[in-house]
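**Student:** Here it is, the structure in full.
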Amino acid sequence: MTIRLITTVTALLALVTGLASAASYPEAPIVFDKPVTGVIFSHKVHMDKGLSCEMCHNRLFEMQAKKAQGNADFVMESLYQGKYCGACHNGSLAFAANTRCATCHIGVKGAKRLSDGGTQEETHEH
Amino acid sequence: MNKLDLNNLKNEGVENVPMQERRDFLKMGLAITGIFAGGTILSAVSTFNTANAADFAKKYPYSPHYSMVMHQDRCIDCERCMAACVATNHVPNVPGAYRTTILEKDTPDAVGGKREFIPVLCNQCNLPQCTRVCPTKATYKDQTTGIVLMNIKKCIGCLTCQEGCPYNARYFNEEKKAVDKCNFCWDTRLSKGEKDTACAHACPAGVRIFGDLSKQDDPVFKTVHQIEKAVWVLRPEAGTRPNVFYTKG
């Protein structure tokens, strides 16, 4: 009985720590470079909007950076049909994917700035 | 070039637009609605109506009157246009050498997004400064198409044209030992029967629309003359009557 309890507690603890480490997301933004260079996705921005991991990491995206860009259908047309980012960027949950192009697209210039050292997209000067 | 943002700019008013400029644009079927950014942008709307359509299509002096209109807010700086231009027109890979490029401007507070990308190239002006200042006539306006061309054999590399150009559209090509510039892919595509430029062809986002302003059913003509839709040109104060237009949507 005691032994069983201890095992359960350990299992629970393991589960809790497991959850805690699963709850850490990458600080640096992910920048897609296929099919076009320079689409930015920031976990921080999205978590600050109060979204939960599950909203994206059940069927929309895997927990592996640049996985989705290996799929042939990772294109605007899919987003317009509600896939990938388009599940939310549809004009009701978040701004629609057929508007504000240069908000997601930081372009070759934006991607270069980030890879040249800036962690914040905002750090560049003009 | 100055930073540009049509959304947040203060309209400095049509009264600040020179009379000649207003007349020139009216002749093209465009009424000026204001100037912005210390005169570096001039916006206009079409006065097009079908009654006088045939009449003012004639106001475009060349045939074909090649022109480009940019759907600026669709530009994502993927730079496929630049890559296609380099490959098609053999632009050397050295800093400052380009026939077309993309300018970037921050718009942190704008509703439309955090940045804007602005594609630029030679504006193939109707009244070019470059051809006027060139001492050897190495650069000239093609009589038929209106494209500003280079005769590299005559170019002495004095760079006077570069100074004269309000659009920063010329660079010295070390390999050619002459100034090089965008010619709407005249030698590489148009003269061979292609219907568009390499950059317009490569654009995946529908930004660059290439066409003929002397034809009313041309997409460029239609976009520039859409009722109530603002179009604008860059650096109108130079008075060169550019043939590259910008719009949104």
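The values are calculated or read from the model by the stated rules, or taken from the named source; none is laboratory data. Quick caveat: nothing in here was measured; it's all calculated off a predicted structure. Note: ideal-geometry Cβ built from the backbone for every residue, glycine included; neighbour counts use all protein chains shown.
**Student:** Would you check if there is a residue in segment B:111-118 being of a type in the set (A, V, I, L, M), more than 14 Å from every other protein chain (Cβ to nearest Cβ) and under 20 Å from B:CYS85 (Cβ atoms)?
**Tutor:** Checked segment B:111-118: no residue is of a type in the set (A, V, I, L, M), more than 14 Å from every other protein chain (Cβ to nearest Cβ) and under 20 Å from B:CYS85 (Cβ atoms).
**Student:** Can you name the residue in segment A:31-56 that is of a type in the set (Gly, Ala, Ser) and closer than 14 Å to A:CYS104 by Cβ and, of all such residues, is nearest to the other protein chains (Cβ to nearest Cβ)?
**Tutor:** So, considering only residues that are of a type in the set (Gly, Ala, Ser) and closer than 14 Å to A:CYS104 by Cβ, the one nearest to the other protein chains (Cβ to nearest Cβ) is A:GLY38.
**Student:** Between residues in segment A:78-89 that are at positive phi and part of a loop (DSSP other than H, G, I, E, B) and residues that are at pLDDT 95 or above and crowded, with 17+ Cβ neighbours inside 10 Å, which pairs lie under 9 Å by C-beta distance while being six or more apart or on different chains?
**Tutor:** A:GLY82/A:ASN90
**Student:** Can you name the residue in segment B:101-110 that is within 11 Å of another protein chain (Cβ to nearest Cβ) and modelled with pLDDT under 90 and, of all such residues, is farthest from B:MET70 (Cα to Cα)?
**Tutor:** B:PRO108
**Student:** If we keep just the residues of segment B:104-162 that are without any contact (Cβ under 8 Å) to a residue 60 or more places away in the chain, touching a Lys or Arg at 6+ places or on another chain (Cβ under 8 Å) and of a type in the set (Ser, Thr, Tyr), which is surrounded by the fewest Cβ atoms within 10 Å (Cβ to Cβ)?
**Tutor:** B:THR136
**Student:** Between a first residue in segment B:18-29 that is farther than 13 Å from B:LEU42 by Cα and a second residue that is of a type in the set (Gly, Ala, Ser) and surrounded by 15 or more Cβ atoms within 10 Å (Cβ to Cβ), which pairs have beta carbons less than 7 Å apart while being 6 or more apart in sequence or on different chains?
**Tutor:** B:GLY29/B:SER46
**Student:** Could you list, in sequence order, the residues of segment B:120-135 that are part of a strand (DSSP E or B) and either at pLDDT below 95 or touching a Leu at 6+ places or on another chain (Cβ under 7 Å) (or both)?
**Tutor:** Listed by number, the list holds a single entry, B:VAL120.
**Student:** If I filter segment B:93-103 down to residues being without any contact (Cβ under 8 Å) to a residue 60 or more places away in the chain and not in a loop (DSSP other than H, G, I, E, B), which single residue comes out as surrounded by the most Cβ atoms within 10 Å (Cβ to Cβ)?
**Tutor:** Per the criteria, the residue is B:ILE102.
**Student:** Moving to a separate point now. Looking at segment A:81-116, which of the residues that are over 16 Å from the mean Cα position of the chain (by Cα) and β-branched (Val, Ile, Thr) is nearest to the other protein chains (Cβ to nearest Cβ)?
**Tutor:** A:VAL108
**Student:** Just one of (1) of a type in the set (Lys, Arg); (2) modelled with pLDDT under 95; (3) closer than 15 Å to A:PHE41 by Cβ trips up A:ARG59, so point out which.
**Tutor:** Here A:ARG59 meets the rest and fails (3).
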